[in-house]
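Enquirer: Supplied in structure tokens, the structure appears directly below.
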Amino acid sequence: MRLIYLFSAILCFVSCSSNEEHTSEGENQSVELLQHQKTYVAGGKIDLSFETESTSEIYLLISNAFGNSVLTPIKDKNKLHFTIPKNFSRKTGPCHWILVANGEQLLKDSFRIEPKTSAQATLETYFGPRSITAGIQDYSMLVNVTTDPFDNVYPEGTEVIFKSQFLNSISEYTVPSKDLISWKNIYSTTKSGRILVNTSFKNITSKELTTIVFPTLGEAFEIETDRNHAFADGNQIMVLRSGIIQDKYNNIVGDGTMVNFIIKNSKGAILKSMAPTINGIAKASILHPSEKEEWQIDAYITGAAKSNSVSIDFDAAITDYSYEFSENNRLITVGPLVSFMDQLVPDGILIQLEIFSETGQYLETKKVSSIKGLGKIEVPKEFYPDGSYRFICKTAGIIKEFEVTFNEE
Amino acid sequence: MEALKKTNTLLILALIIGLAFHGSSIFFTLEYTYDALIHLFFASHYAADWFEPWDYSWYTGFTVQSYPPLIHQTIGLLSYIGGLKFGMFTVAIIGIILFITGIYRFALLLTGNRRVAGYTALLAVFSSTFIETLHIFGQLPSVCALSILLHAMPEIYLWTKTGKRRYLVSSLSLIAVTVTSHHVTPIFGMVFFIFPLLGMAVMDEAREKVETMKRVSFKVFYKALKSCFWRIVIFGGCSLILIITCILPYWYNSKRNPITQVPIPHGSRDNFLEVTSSGLVFFVIPWGILLFILPYILYRFYSKRYMFFGLSFSALTLLGTGGTTPIPLKLLGETAFNILTLDRFTLWATIMALPIFGEFAFRMTEGDLKDRIQSMLGRVYHRILGGSLAGGLLLMVGFTMTLGYFRPSQPSKIKMLPIVNFLSQDSHDSWRYLPLGFGDQMAWLSAQTNAMTVDGNYHSARRLPELTTRAIERIENSKFRGVEGIGSLQQFLTVPEKYNLKYIFSNDKFYDPILYFCGWQRLQQLENGIMVWEKLNVPPLPEILPKEKTPLFLNIMWGTIPVLTVILAFVINIMMLWLRKLRARKDEAPNFLKLSVAYTSFSKRLIIISHVWAVIILACLVFGLYTFYIKNTAQLSPKNVVQSYYDALDFKEFKRAHSYLDPEAEVTIDQYMLEVSVTDGILSSYAKLDSIGIDIIDISQAGAKAKVSTTWITPLEKIKKDYFHELIKDSGKWYIKPKKKDSDIPPDQLFIANSTTFYNHGRRKITTQQTHHEDVLKQPVLEILAAKLVRYKGQYSIIGELQNVDDVPADVVIKATLYNDVDKELAIHNAKYHMKHKLMPKETTPFKINFEGIAWSSTKDTMPTTFDPDQFTPMSLDEQPVKFNLQSAGNVANTDLYKSVALQNLEFSDYGINGSLYNGGIQEVTIPQLLVSYYDDKHELLWVDHQFLDEGVRVQRKQFFNYQPLDVAELCIIESSLENCFVNGLPNESITKKVFPRRDYSHGHAQLQPYEGKGYSFLKFDINSYIGNPK
């Protein structure tokens, strides 16, 4: 476009300079416009004709929303015909023209091009955001632009019908266009679901557009625990489950909403398990503790909702255990570990042995997991030369302390 | 004389064998070489756009005027006939022919004996140095340039000797072809080949003036030099002009973009005695059988006629020894030593020695040496000796050819078509991509696709400071380049928006964890097994990309001169020859044929010296093999068995590892494999053993203890771990006692779990048009709950907490900018792995943004010698940052949303916090990450720390961890404000007001763990789980 402009400017310049002599002669430059139509319909043929006695080169500069151009006339005796190009005649709005000769303005005027409302209109419809939150505050905006076949916007005040459907109700609004567009805020509903909208104008309708109404923030909810027995065997799985979490309009919160189950144990440690909801229910799991415990459980949707507090006690599954030494005291066998029915505990109970030197300096923690109720820990002489050591054995919350002397003579 | 005129059957034989042997084997080797595919990529550039020097495919754009173009252009031209690979193989075959004929002519020039030259040509076919250069390195331009240089040698000699102008023209025409093929060859060729040649020509001139060679004194030589002086000057001057003008654009580019990068380590600069693998590849293989006859070569080269060649040969040999002796470094100087690859000196030395080898073979098979040995040591000995030499030669050929098979230098061949198709689908080429673990095959991918990559395979053309400041060839193989490699890669992964990098093709699962923790997600596995990773929220490439313009005349020169030199050389050297032959004019034999020596009496002393030398070499060889055996025989000593066991584990050869376990312990291979298969985690699946220190304690006849200190390189961190093993000896072999495994057993056999899953269609209508706006998902709304600029240990970080307040899962990207008090921008960076990148609705994550500088941006900084992937280079800030801007963006996520890991237990002790994680879901967590947030007594966030757990958490099982809390008393909060925080471009404040107007802050406080630490009162543990194999 810029090139055309530049080219025409150069053309003007060249023509001006070459015709300089003519102007100096002071020729008669009277020109008359032959027709005086002030409005045209977009896409129609627009001709401007002039009558002149002048023999000099005359051009028509036109300018509208499409751009600027210089037109050369078709001469017919003393008449000049200018045909406005399609690109210009299809664009609505004012179109200015200037008739120039030898770089001088002869005539200047403008006309208007109106949208072609007689042809079938096209609807451009936008709806967004695509999801909103239930309540009375949030909304999606439905925007419609009615255009003619040349993509010109219909005149201001064109009335477009907006329709929206939610559950059983269908609403209809007539929205006049302003500043090129017709628009309406479609407000959220208190119930979650899906709002469908469309627009129509005369006999044309847009396609169906959607926004999803998501539930809003969850409200206070209930939680419960589900476990097989009340013993702290460190093996069984306890399920933490919420009730159906709803928002303040009784919508079930959106699937995937994260619920944090915060467990405070009797030693003040904060443990946690978390789960996203399905149909409003969050279901997390955690293992039974391996020693006598009291757990206080709260659940949160952080910042939005808190559950009731649940307290739950675990009884010790293992009440006591024995240990014995063999192989010059270097092999320590812990167990057999028996559980609440005097059954051997399931494999994998953690047995920790903290080793301290004679002077009380911490050396190492050895961890083994029980197999068939027994845990065997070896204290190799390569790393623990002969001497006295203090051992603290921790299993299922039961702490036993003993001193051992290695002497391999 | 008549016999000499006949066609040389040995040369014909050499050509036939050479073409049959190399011509057929290149189809199995060339594509797996280091360089061949790079040249193919360059060729594809010329084939696509001959005169345009700028290529956008690599390094965000580079110029192909950084490498002489002839070979690339020839492949490009040939590709119009039968495709790129046809072009490459054709050029390789031409190279083979040129090499064999070239070495023949060179040998003929040197020895003046057609028979010897024939032997040379035959030996050249089997020379290990040529095989290595072609079949292992794939250096096509280098091979072709050297061959043409060899062709030029007789012409140069004849010009110097006779002064006939046609020799000047023909020699210059060949020099021009050499220059346009490879720039280094003519420059160093001048020094190491042409200077001695000129010396020899002058020497011959002098010889002709007196009766015998012995009479050639310095005075005679000086006189001869004077008579040849102007010819030499003319030739030298013209060659210099050719070297400059033929590839003028190359010099122009070198001047404009000087190579200011950190030198890339190259094996040829190693000390070959220390790094034996480099010694093998860059010394033993190229020299091969020549090592045994080194005394003969030196003896011949230091005869008066070849004296200058002798000097040149010695210099080349010395330079080729790399870092073994300090001499090459001193000779070349630091800069040249670090830029040049020294293997080329060895290549030249061995090529130069070939004619002498040919002469030796001639004398050995049918000359005086044969007679001498037969008379001295008998016929049988001669046959055995000849047989062993021939056998040795063949052994080296076989060894060199199969090296690439037994020790592949490249990943196995990747089918590129699925990747090419993926890139051309659905506008995927509107973003840059990055291949990982492709080896040099990445060049072949680049040659086939329009898409661009940030990486590249021609390191001299690198432009991004992230690359040039590090000693890495490619990001693609960064794991082999230690800290610099992974560091470079992490920068690209953390801030991919900067490079419009959206897709990663991973052929090496080693990189998977770093991709996940940097916020990338798996997109799909292509049918060739390559995993595609993508990053959300990366803008596509702009339509117009910047490029460096070169003057038009340079582009035209670059596009025309190289091919013109070939046409000219062809016309001058071959057409003219034909024309002369057609005119049946009797051609006089070239001057140098008169100077052949008669091979009459082989020196006895030389035979003895050679034998002594050969014995020394053999002794070295045997000693080398013996030490290799001792070191590598697994169960010979306790140390060996531990070493071999860890080696087997490192290479995942579990069957071998099992064979080192004590058979008495009765762990069956099935049981062992089962135990291996259930261990997962960063150490067992993603770690590479970096170093191992074995301490054998208490060794006795039957047993020992080993303390094994290992360091493992993982894509995320360097992990140090100590292991203890008991070793036992049983019937002469050492074994490792197997260890007990965790016996934890879950209560249930069958687990049932429900989960919420998400799916995003992308576009619902199949169209090449732009995606419909109603198919574009709304960006999930996030809320920044806290954001602070802090200084801790002299380093600035932005920490904070963020929540996904939308109803859909979000992928979160956070970018922070630091400003000084007058709003001058100081630094920008993204959050790396100190956050959970994927958040479920209402889930929160702490985050930390470290401002990482480009590591070693000043090349003077000393680089650490060992690998440390998590080494961090803080950005050096000139001014004090006081404000920050935080931009976060959410995009709908539908993968990597596994949240079923619970914090099962916590215990606070004097030696850290012990805890355990429990995996309550149905996916195996490969790498669990703990994010630990520190809070003060007012529940205000102070710091965010992280820890990766060494081992994974299996389904329904526990994993223990120990965390050492930090001392944050020194931490200083510089600014704490939510004012300049934005979410999806909107101010955070507006989101707080609209989405979460009545937030209950006590919920957050209730989830904190009270802990009396140094400088803080509360802790919070968050868990981020990487799943290696999602099911």
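Throughout, read-outs are computed from the coordinates displayed, never taken from laboratory work. What you see is a predicted model, and the numbers here were worked out from it, not measured in a lab. Don't worry about glycine lacking a Cβ; one is built from the backbone with ideal geometry, like all the others, and counts go over all protein chains shown.
Enquirer: Return an integer: the convex hull volume of the alpha-carbon atoms of chain A, in Å³ per residue.
Expert: Per residue, the Cα convex hull of chain A comes to 270 Å³.
Enquirer: Ok, one more. Starting from the coordinates of the alpha-carbon atoms of the stretch A:122-214, obtain the Kirkwood hydrodynamic radius over all distinct pairs and give the value in Å to one decimal.
Expert: Evaluated on the stretch A:122-214, it is 13.4 Å.
Enquirer: Nearest 10 degrees is fine. How inclined is helix B:669-678 to the longest principal axis of chain B, computing both from alpha carbons?
Expert: 60
Enquirer: Continuing with the same structure: Against the 2.2 N^0.38 Å scaling, with N counting residues, where does the stretch B:875-966 land? I'd like the Cα-based Rg ratio to two decimal places.
Expert: Cα-based Rg divided by the globular estimate yields 1.42.
Enquirer: Moving on to the next point. Among A:320, A:233, A:138, which one moves the most in a GNM of chain A with springs linking Cα atoms closer than 10 Å?
Expert: Highest fluctuation of the listed residues: A:320.
Enquirer: Further question: Quick one: what does P(r) look like for the protein assembly as shown with 10 Å bins over all Cα pairs, in whole %?
Expert: Here the calculated profile for the protein assembly as shown is 1, 6, 12, 14, 14, 14, 12, 10, 8, 5, 2, 1, 0, 0.
Enquirer: Next up: Place a label point 7 angstrom from the Cα of residue A:114 along the Cα-to-Cβ direction, then list the residues of the stretch A:65-88 whose backbone nitrogen is under 19 Å away.
Expert: Only A:65 fall inside the zone, counting backbone N under 19 Å.
Enquirer: Another question about this same structure. Tell me, B:287, B:230, B:348 in order of fewest to most beta-carbon neighbours within 10 Å?
Expert: Result, fewest neighbours first: B:230, B:287, B:348.
Enquirer: Hey, what angle do you get for helix B:343-366 against the long axis of chain B, alpha-carbon based, 0 to 90 degrees rounded to 10?
Expert: Orientation of helix B:343-366: about 40 degrees from the principal axis.
Enquirer: Using a simple charge model, +1 on the beta-carbon of Lys and Arg, -1 on the beta-carbon of Asp and Glu, nothing else, what dipole does the stretch B:908-1007 show about its Cα centre, in debye to the nearest 20?
Expert: Here the size comes out at about 680 debye.
Enquirer: Counting other Cβ atoms within 10 Å of each Cβ, which trypsin sites (Lys or Arg not before Pro) in the stretch B:1-87 have at most 16 and sit in a DSSP loop?
Expert: When the trypsin sites (Lys or Arg not before Pro) of the stretch B:1-87 are filtered for loop state and at most 16 Cβ neighbours within 10 Å, B:6 remain.
Enquirer: Here is a follow-up. The stretch B:417-534: D in µm²/s via Stokes-Einstein (Kirkwood Rh, Cα pairs, 25 °C, 0.890 mPa s)?
Expert: Answer, rounded: 173 µm²/s.
Enquirer: So what's the stretch B:326-371 giving for Rg/Rh, alpha carbon basis, Kirkwood Rh from the mean inverse pair distance?
Expert: In the stretch B:326-371, Rg relative to Rh is 1.32.
Enquirer: Set the bar at 27 Å for Cα to Cα. Now go through A:267/B:1031; B:718/B:958; B:502/B:1020; B:652/B:707 and name every pair that lies beyond it.
Expert: A:267/B:1031; B:502/B:1020
Enquirer: Principal axes first, then extents: for the Cα atoms of the stretch B:937-1031, list largest minus smallest coordinate on each axis, whole Å, largest first.
Expert: 43, 40, 23
Enquirer: Would you calculate the convex hull of the Cα atoms in the stretch A:323-406 and tell me its volume per residue in Å³?
Expert: 84
Enquirer: I would also like to ask the following. Just for the protein assembly as shown, what percent of DSSP beta bridges are antiparallel, to the closest 5?
Expert: In the protein assembly as shown, DSSP labels about 90 percent of beta bridges as antiparallel.
Enquirer: Please go through the residue pairs A:264/B:899; B:209/B:594; B:535/B:824 and name each one whose alpha carbons sit more than 24 Å apart in this structure.
Expert: Table pairs above 24 Å Cα-Cα are B:535/B:824.
Enquirer: Now for a different question. If the label point is 7 Å along Cα→Cβ of residue A:239, which residues in the stretch A:247-282 have backbone nitrogen under 14 Å from it?
Expert: Those under the cut-off are A:278, A:281-282.
Enquirer: D for chain B, whole µm²/s, Stokes-Einstein with Kirkwood Rh over alpha-carbon pairs at 25 °C and 0.890 mPa s: what number?
Expert: 74
Enquirer: Which is farthest toward the positive dipole end of the protein assembly as shown among A:221, B:156, A:171, measuring Cα position about the Cα centre, with Cβ charges +1 (Lys, Arg) and -1 (Asp, Glu)?
Expert: With unit charges placed on the Cβ atoms, the residue in question is B:156.
Enquirer: Another question about this same structure. Using a Förster distance of 56 Å, how high is the FRET efficiency between residue B:758 and residue B:700, based on the Cβ-Cβ distance and rounded to 0.05?
Expert: 0.35
Enquirer: Shifting gears a bit: Can you pull the three principal axis extents for the Cα set of the stretch B:633-736, in Å, largest first?
Expert: So the extents along the principal axes, rounded to whole Å, are 42, 30, 20.
Enquirer: Please compute the average number of Cβ atoms from other chains found within 10 Å of each residue's Cβ in peptide B:603-611.
Expert: Counting Cβ atoms of other protein chains within 10 Å of each residue's Cβ and averaging gives 0.
Enquirer: Also, quick follow-up: Straight-line reach only, C-alpha to C-alpha below 20 angstrom: list the aspartates and glutamates that residue B:993 could link to, leaving out same-chain residues fewer than 8 apart.
Expert: Reachable aspartates and glutamates: A:138, A:219, A:247, B:783, B:801, B:806, B:807, B:843, B:979.
Enquirer: Which value in deg cm²/dmol, rounded to the nearest 500, describes the helix-derived mean residue ellipticity at 222 nm for chain B, given -39,500 (n - 2.57) per DSSP H run of n ≥ 4 and division by the residue count?
Expert: -13500 deg cm²/dmol
Enquirer: Going toward the positive end of the dipole of the stretch A:223-316, with +1 on Lys and Arg Cβ and -1 on Asp and Glu Cβ, which of A:234, A:305, A:285 do you reach last?
Expert: A:305
Enquirer: Charges at C-beta only: +1 for Lys and Arg, -1 for Asp and Glu. How large is the resulting dipole of the protein assembly as shown about its Cα centre, in Debye rounded to 20?
Expert: Approximately 7640 debye in magnitude.
Enquirer: Give me the lysines in straight-line cross-link reach of residue A:163: C-alpha distance below 21 Å, same-chain residues under 8 apart excluded.
Expert: Filter leaves A:178, A:184, A:191, A:202, A:207.
Enquirer: Shifting gears a bit: What average number of partner chain Cβ atoms lie no more than 10 Å from the Cβ of the residues making up B:1000-1007?
Expert: Average neighbour count from other chains, rounded to a whole number: 5.
Enquirer: For residue B:662 and residue B:233, calculate 0.36 nm times their separation in residues minus their Cα-Cα distance, and state this gained length in nm to one decimal.
Expert: 146.8 nm
Enquirer: Something else about it: Using only the alpha-carbon atoms, how far is helix B:195-209 inclined from the longest principal axis of chain B? Give it as 0 to 90 degrees, nearest 10.
Expert: Once rounded, the angle reads 10 degrees.
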